[in-house]
1. Please give the per residue volume of the convex hull enclosing the alpha carbon atoms of region 1-138, rounded to a whole number of Å³.
2. P(r) for region 81-147, please, calculated from all Cα pair distances in 10 Å bins and given in %.
3. Quick one: among E92, E145, E200, which has the greatest mean-square fluctuation in a GNM of the chain with alpha-carbon springs under 10 angstrom?
4. Report the Stokes-Einstein translational diffusion coefficient (µm² s⁻¹, integer) for region 163-247, Rh taken as the Kirkwood radius over Cα pairs, at 4 °C with viscosity 1.567 mPa s.
5. What's the magnitude of the charge dipole for the chain around its Cα centre, counting Lys and Arg as +1 and Asp and Glu as -1 at the beta-carbon? Answer in Debye, nearest 20.
6. If exposed means no more than 11 neighbouring beta carbons inside 10 Å and the site is in a DSSP loop, what's the longest run of the chain without any exposed trypsin sites (Lys or Arg not before Pro)?
7. Across the chain, how large is the tail of the calculated P(r) beyond 23 Å, expressed as a percent of all Cα pairs?
8. Magnitude of the Cβ-charge dipole of region 52-145, K/R +1 and D/E -1, about the Cα centre, nearest 20 debye?
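What follows is calculated from the coordinates using simple rules that are stated; it is not laboratory data. For clarity, every value in this text was computed on a predicted model and none was experimentally measured. Here Cβ is always computed from backbone atoms with ideal geometry, including for glycine, and neighbour counts include all displayed protein chains.
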Amino acid sequence: MRVVGIIQARMGSQRLPGKVLRPLAGRSVLGWVVRAAQESHGLDELLVATSDRPEDDAVVAECARLGVRCVRGDRDDVLSRFIHALDTVDAEAGPVDAVMRFTADCPLLDPALIATALRVFRAEPGLDYLSTALHRVLPRGLDVEIASAAALRRVHTLATAHHRVHVTSYLYTHPDQFRLLGLTFLPDHSDLRVTLDTIEDWRLIEAVVAHFGDRTIPAGDLIRFLLDNPQIRALNQAIRQKELVEG
């Protein structure tokens, strides 16, 4: 089974513009995501999907520096960007079976969680979608998801409005149409937040990296650190996660 990782990344952000290229311990936030995906050692190829807007020329330049292929497409229709990336890989190396979706605002991803999700997906023939967020217990910012290429192409013909922004949301909000599998890692730490959407998130992530240094961090170590340091944990606890329909 050929699984391709696609990282969506662009400079535009309502709450924290340019966040994907912020420097974090000597590498960009995007560079942290790329490293985590690569250290999972389970992907057949890794691409970045950015927009065709001039401001995202900087993302293209960073991908060249990181040695990762970049494809460009519509700024707002992110699903079409993923399909374009799929078409690009299909044309060059043959059909892709599944896509692992990453967002470039999750620099603290754990390669071991990525690898586990890949193993489970490959072991369950016929799955359309696997995610750790169907019943979230991981901190927000550590979740992983995989969709079959066939399901993603089907969604491309069906999805409208906010579903085209969130890429996979049509899949998991229509469980009657697709075969879904949730992957759960107890205990529940879903109240923790390590994604990057606001300046408060940035302060927490900087504090985490100041402690652990420039390396990928096992999820268990990260969770224990946050639980042991309530003053750091509190930095972004007041942040409200945007609703799905808000884009």
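1. On the way: hull volume 17.1 nm³, N = 138.
Dividing the Cα hull volume of region 1-138 by its residues yields 124 Å³.
2. 18, 46, 32, 4
3. E92
4. On the way: Rh = 15.2 Å.
D = 85 µm²/s.
5. Values: 29 positive and 33 negative charges, 42 e Å.
Its charge dipole is roughly 200 debye.
6. Values: sites that count: R215, R240, K242.
Between the exposed loop sites, the longest stretch runs 1-214.
7. Working: 14358 of 30381 pairs.
I get 47 percent for the Cα pairs in the chain exceeding 23 Å.
8. Working: 11 positive and 18 negative charges, 74 e Å.
That gives region 52-145 a dipole magnitude of about 360 debye.
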